[in-house]
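Below is one structure, written out as structure tokens, with a few remarks after it.
The values are calculated or read from the model by the stated rules, or taken from the named source; none is laboratory data. Since we're looking at a predicted model, the values are computed, not measured. Positions of Cβ are generated from backbone atoms using ideal geometry, with glycine treated the same way; all protein chains shown enter the neighbour counts. With ligands, DNA and RNA removed, areas are computed over all heavy atoms of the protein, side chains included. Shrake-Rupley method; radii C 1.70, N 1.55, O 1.52, S 1.80 Å.
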Amino acid sequence: MIAPRRTLALICAATVLLAACKKSEEQQAPPPPEVGVITAAPQTLPLQRELVGRLSPFRSADVRARVSGVLLKRVYAEGSLVKEGQLLFQIDPAPLRASLASAEGQLAAARANYINAKALADRARKLAPMQFVSQSDLDTAEAAERSGAAAVQQAQAAVTGARINLGYADVTSPIPGRAGKQQVTEGALVGQGEATLLTTVDQIDPLYVNFSMGVDELSQLRQAQSQGSVALNDNNKSTIQVLLSDGSTYAQPGTLDFSDTTVDPSTGAVSLRAVLPNPDGVLLPGAFVTFDAHLGERKNAYLVPQQALQRDTNGGFVLVVGKDGKVTRKNVAVDGQQGPNWRISSGLEPGDQVVVAGLQKVKEGAPAKAVPWKPETATPAQAPPAAAADQPKQ
């Protein structure tokens with residue numbers, strides 16, 4: 001009786017031990033964590049770069065005194081908008097009027113001398129065939145006539161010059177724009193030996209945006225274009241969108257109109273320029289602005305939410321749930337930001353299940369359960385590129 005009881009006790013103990021081991025194994029092997037994924041789908045995306053440029057006037061003209069004299073008064077209001085040809089300053093015209101009167105008097109004298117010389121020459125030409133005057137006298141009379149005609153032409157030019165100088169007494173704006181600060185006060189002698197700077201007029205509608213790009217980056221873009229992965233716009237089709245200091249977007253887009261053909265040896269960059277409308281005068285020359293440059297299109301690119309991209313010393317990477325259910329790492333090349341997403345130019349393949357939510361639960365090589373990612377705050381415009389309906393069912 002004792003032996004069967006011992007055997008039964010051993011069987012019960014073994015059963016309890018096996019159950020405990022099975023329970024321990026179940027506790028040691030939890031189910032794979034659940035992660036939210038999107039399915040990578042190649043797209044044709046805008047090729048954008050966030051750059052910094054400096055604003056400069058479309059045209060800038062120095063208004064200078066072109067004749068010497070005393071500055072009588074300033075006619076315009078400093079900092080106001082002026083039209084082309086609008087009067088800005090007045091220089092004392094009295095000496096210039098006197099110079100014009102003197103030139104006109106010299107012209108009248110030259111014309112009188114020419115009339116007398118011509119009359120003598122005509123008389124000599126009539127008497128020469130009858131041998132009443134010598135050939136030498138005829139030549140002298142005709143030479144005096146020609147000299148008189150030249151003197152009239154010279155005096156006429158002097159009158160024209162005097163009239164031009166008198167017109168310069170009214171200093172006008174050569175271009176439309178905003179007139180700056182007065183550089184010389186009334187009563188000062190200007191134009192004495194040099195063209196004195198009176199003010200500057202800047203045309204600020206439109207404005208130029210001057211910026212530069214590294215030659216290496218441009219070379220990479222042109223190489224990508226030759227390979228067919230990038231389509232670059234022409235200068236007059238590439239646009240920029242300026243971001244204001246408060247974070248808002250400037251209403252008027254600009255257009256790239258110039259790209260230098262040489263590299264600045266001091267910076268290793270190529271100079272570029274865009275034209276930006278400024279009808280309301282909101283932007284001022286000399287200010288630095290941040291803008292997005294739309295240079296063309298990038299083909300076969302991907303959009304992934306910002307939280308899916310991670311970085312380490314090797315660069316950017318994402319975690320992908322493979323077909324075997326395990327997590328793998330893929331190094332990616334980031335081409336910039338577009339809304340709430342990163343643009344990925346290389347490193348992903350169509351159909352890759354990129355982990356977006358639950359990154360802290362998984363590690364490379366470990367299993368994971370992929371479910372479609374549903375952002376809580378995403379709007380239709382901010383939704384990830386692959387819709388939930390396109391996600392593979394697990």
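Entry remark, the range 342-358: residues being surrounded by fewer than 20 Cβ atoms within 10 Å (Cβ to Cβ) and either free of Cβ contacts under 8 Å to residues at least 60 places away in the same chain or assigned to a strand (DSSP E or B) (or both) number 3 in total. Being open to solvent by less than 70 Å² (accessible area, probe 1.4 Å) and more than 29 Å from Leu107 (Cβ to Cβ) is the filter here, so list the residues in the range 130-140 that pass it. If the condition is that a residue be open to solvent by less than 70 Å² (accessible area, probe 1.4 Å) and more than 29 Å from Leu107 (Cβ to Cβ), then Val133, Ser134 are the ones that fit. Which one is most open to solvent (accessible area, probe 1.4 Å), of the residues in the range 317-334 that are assigned to a strand (DSSP E or B) and in contact with a Phe, Trp or Tyr (Cβ under 8 Å, 6 or more places away or on another chain)? Per the criteria, the residue is Asn331.
Matching residues to (1) open to solvent by 40 Å² or more (accessible area, probe 1.4 Å); (2) modelled with pLDDT of 90 or more; (3) among the aliphatic types (A, V, I, L, M); (4) not in a helix (DSSP H, G or I):
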site: Ala112; (1), (2), (3), (4): yes, yes, yes, no
site: Ala128; (1), (2), (3), (4): no, no, yes, no
site: Glu142; (1), (2), (3), (4): yes, yes, no, no
site: Val152; (1), (2), (3), (4): no, yes, yes, no
site: Ala155; (1), (2), (3), (4): no, yes, yes, no
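Yes or no: Val263 at pLDDT 85 or above and in contact with a helix residue (DSSP H, G or I) (Cβ under 6 Å, 6 or more places away or on another chain)? Yes.
In the range 1-75, counting only strands (runs of 3 or more DSSP E) that sit wholly within it, the ones holding 2 or more residues that are under 26 Å from Ala274 (Cβ atoms) and either at pLDDT 60 or above or not hydrophobic (A, V, I, L, M, F, W, C) (or both) span 43-64. When the range 206-220 is limited to residues that are loosely packed, with under 15 Cβ neighbours inside 10 Å and in a strand (DSSP E or B), the one that is modelled with the lowest pLDDT turns out to be Gly214.
Taking the range 221-236 as the range and being in a loop (DSSP other than H, G, I, E, B) and free of Cβ contacts under 8 Å to residues at least 12 places away in the same chain as the test, only Asp234 passes.
Gly193 fulfils the conditions (1) within 25 Å of Ser60 (Cα to Cα); (2) at pLDDT 85 or above except for a single criterion, (2). The residue pairs whose first member lies in the range 359-376 and is on the phi > 0 side of the Ramachandran plot, whose second member is of a type in the set (A, V, I, L, M) and open to solvent by less than 50 Å² (accessible area, probe 1.4 Å), and whose beta carbons are closer than 8 Å, counting only pairs six or more residues apart or on different chains, are Gly365/Val327.
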